[in-house]
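The values are calculated or read from the model by the stated rules, or taken from the named source; none is laboratory data. Predicted model only: the values in this text are computed from it and were never measured. Neighbour counts run over all protein chains shown; Cβ positions are idealised from the backbone, glycine included. The area values use the complete protein model at the heavy-atom level, side chains included, leaving out ligands, DNA and RNA. Shrake-Rupley method; radii C 1.70, N 1.55, O 1.52, S 1.80 Å.
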Amino acid sequence: MTTTSENGASAGPDDGGATPELPGTTATIALIAAEAGVSIPTVSKVLNGRTDVAAVTRARVEQVIDRHQYRRRRGRSQTGPGLLDLVFHELDAGWAVQIIKGVESVAGPERMGVVLSELGGAHRPRQEWLDDVLARRPRGVILVLSDLDPAQRRQLETRSIPFVVVDTAGEQPPGVPTVGSANWAGGLAATRHLLGLGHRRVAVISGPVDVLCSRARIDGYRTALDEAGVAVDPSLIRYGDFFVGGGYTHGLDLLDRPNRPTAIFAGSDFQALGVMRAARELGLRVPEDLSIVGYDDLPLTEWIGPPLTTIHQPLQEMAATATRMVLAMARGEAPTNPRIDLATELVIRESTAPPATV
């Protein structure tokens, strides 16, 4: 696997000119150059992601390309193995590994190289990253919990570089292929399980409020409470960061109070680990004093003490599905279903039990 940071360049060979436009289009590189008031080599540099073009000139050329809906022809000749770009908004050692393994399960047999990028917590890459992608000319791009703005999407589309979003951070425009999981159903199942054990003070620590799956899991939590006739207590709803620190901080705050919750649904397995540490520091036992449900079903959840009840999210299958989709698009095949949500499943282990008062 080839690895690069957001700003790291791993450019493919420069053929010195752009590939001809798709049949049936009226735009030519010469026409684009004439309208933009630049030379044909300058248009070629913009199309190939070269950085030695002034920003104002680049923007003018991109406007003309967009106005004519220019599309580079698919199926150009390539030297060496094909590449896929895999982009994470933020890497962690467990969750991201499952995604990478899923991509490799498809890319490996296809002899595809994978270029890995991390956006430092941002949900949208900078233009420098996009320039590097245009220079590499990968077969496709897979964005994980990250997104492109309309101009960036158009730049990939004009170069005929397909892209798929995995576990989308926000609502995607029509036509953007996405692969996710049933987050609302996962939140519903986790909360129903705790309510079914007899818990009524159930807290939730989801992920960032600006991430779609975080809000969907909380919506599922609210629905389960409503079904059971349990009033929603806003003080028990928290938005964390999907990491151990968020679970620990919110866990301490939720548990160090007189009317503490008897159960916590953590929106990720890592946050569940943070809640477990907070409970331990406060002298609470799991599950005797506090029940905890995680989310993701990472391999480590079977080995911690006690083993964690969690929602299985098919991360590897999500990534493999996205990879097959983007490779099919690179072959010119339109997705039969541009929005795929895979099923989640409750996995009951030893971190949940009826509350001590029941």
Practice task
From largest accessible area down, sort Trp184, Trp95, Trp129; use a 1.4 Å probe on the protein chains.
Solution key: Trp184, Trp95, Trp129
Completion exercise
The long-range amide H neighbours of Val115, using H built 1.01 Å from N in the peptide plane and a cut-off of under 5 Å, are Leu84, Asp85, Leu86
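If you filter the range 139-228 for GluC sites (Glu not before Pro), then keep DSSP loop positions with at most 15 other Cβ within 10 Å, what is left? Working shown, then result.
Numbers: sites: Glu157, Glu171, Glu227; in loops: Glu171.
Those that pass, being in a loop and sparsely packed, are Glu171.
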Fill in the blank from the handout: Quick P(r) readout (the range 123-195; Cα-Cα; 10 Å bins; whole %) gives 17, 45, 20, 12, 6, 0
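What part of the accessible area of the chain, given as a whole %, is carbon or sulfur when the probe is 1.4 angstrom?
On the way: 8050 of 15100 Å².
Roughly 53 percent of what the probe reaches on the chain is carbon or sulfur.
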Handout entry: Built amide H within the under 5 Å cut-off of Thr309, gap 5+
Key = Gly294, Arg349, Glu350, Ser351, Thr352
Practice task
Beyond 16 Å, what share of the Cα-Cα pairs of the range 226-287 is found? Please give it as a whole percent.
Solution key: 42 percent
Completion exercise
Non-local residues with an amide H under 5 Å from the amide H of Ser160, with H modelled 1.01 Å from N and Pro and chain starts lacking one, are Arg72
Handout entry: Structure-based [θ]222 nm, the chain - -39500 (n - 2.57) summed over DSSP H runs of at least 4, per residue, nearest 500
Key = -11500 deg cm²/dmol
Handout entry: Max mean-square fluctuation residue, GNM over the chain, Cα-Cα springs under 10 Å, options Pro162, Pro258, Pro306
Key = Pro258
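DSSP loop (so not H, G, I, E, B), at most 14 other Cβ within 10 Å: list which trypsin sites (Lys or Arg not before Pro) in the range 83-185 pass both filters.
Details: sites: Lys101, Arg111, Arg126, Arg136, Arg139, Arg153, Arg154, Arg159; in loops: Arg111, Arg126, Arg139, Arg159.
Loop-located and lightly packed - Arg111, Arg126.
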Problem - On Cα atoms only, tilt of 269-281 relative to the major axis of the chain in degrees - result: 30 degrees
Completion exercise
Reported to the nearest 10 Å², Val209 has, with a 1.4 Å probe, an accessible area equal to 80 Å²
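Using only alpha-carbon positions, what ratio does the radius of gyration of the range 117-164 give when scaled by 2.2 N^0.38 Å?
Details: Rg = 9.9 Å, N = 48, 2.2 N^0.38 = 9.6 Å.
Normalised Rg, Cα atoms only: 1.04.
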Practice task
For mean projected area of the Cα convex hull in nm², several values are listed as (1) 22.0; (2) 20.2; (3) 19.1; flag the one computed from this structure.
Solution key: (3)
Handout entry: GNM flexibility winner over the chain from His199, His68, His312 (Cα, springs under 10 Å)
Key = His68
Exercise for the section: Tabulate in residue order the Karplus-calculated ³J(HN,Hα) for the range 287-301, using 6.51 cos²θ - 1.76 cosθ + 1.60 with θ = phi - 60°, rounded to whole Hz; enter x for Gly and Pro. Expected result: x, 4, 9, 8, 9, 9, 10, x, 8, 2, 6, 5, x, 5, 5
Exercise for the section: Provide, as a two-decimal number, the C-alpha radius of gyration of the range 221-325 over 2.2 N^0.38 Å, N being how many residues it has. Expected result: 1.16
Fill in the blank from the handout: Averaging 1/r across every pair of distinct alpha carbons in the range 156-231 and inverting yields a Kirkwood hydrodynamic radius, in angstrom, of 14.1 Å
Handout entry: Projected label distance in nm at Asp256 and Asp210, using a 7 Å step from Cα toward the beta-carbon
Key = 2.9 nm
Problem - Between 0 and 90°, nearest 10: helix 244-255 axis offset from the chain longest Cα axis - result: 30 degrees
Practice task
Using the Karplus curve 6.51 cos²θ - 1.76 cosθ + 1.60 with θ = phi - 60°, work out ³J(HN,Hα) for each residue of the range 181-188 in order, rounded to whole Hz, and write x for Gly and Pro.
Solution key: 9, 7, 5, 4, 5, x, x, 5
Practice task
In whole angstrom, note down how far apart the Cα centers of the range 312-358 and the range 233-253 are.
Solution key: 24 Å
Problem - Whole-Hz ³J(HN,Hα) from phi, Karplus 6.51 cos²θ - 1.76 cosθ + 1.60, for the range 201-210, glycine and proline x - result: 9, 10, 9, 9, 10, 8, x, x, 5, 8
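With N denoting the number of residues in the range 304-358, provide Rg(C-alpha) divided by 2.2 N^0.38 Å, to two decimal places. It would help to have the intermediate numbers written out before the result.
Values: Rg = 18.4 Å, N = 55, 2.2 N^0.38 = 10.1 Å.
Ratio of Rg to 2.2 N^0.38 Å for the range 304-358: 1.83.
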Exercise for the section: Between the alpha-carbon centers of the range 160-185 and the range 108-128, tell me the distance in whole angstrom. Expected result: 16 Å
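Please give the FRET efficiency for Leu300 paired with Thr336, using the beta carbon to beta carbon distance and R0 = 51 Å, rounded to the nearest 0.05. Write out the running numbers ahead of the final one.
On the way: r = 36 Å, r/R0 = 0.70.
Given R0 = 51 Å and the Cβ-Cβ separation, E is 0.90.
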Handout entry: Calculated diffusion of the range 286-331, Stokes-Einstein form, Kirkwood radius summed over Cα pairs, 4 °C and 1.567 mPa s, µm²/s
Key = 102 µm²/s
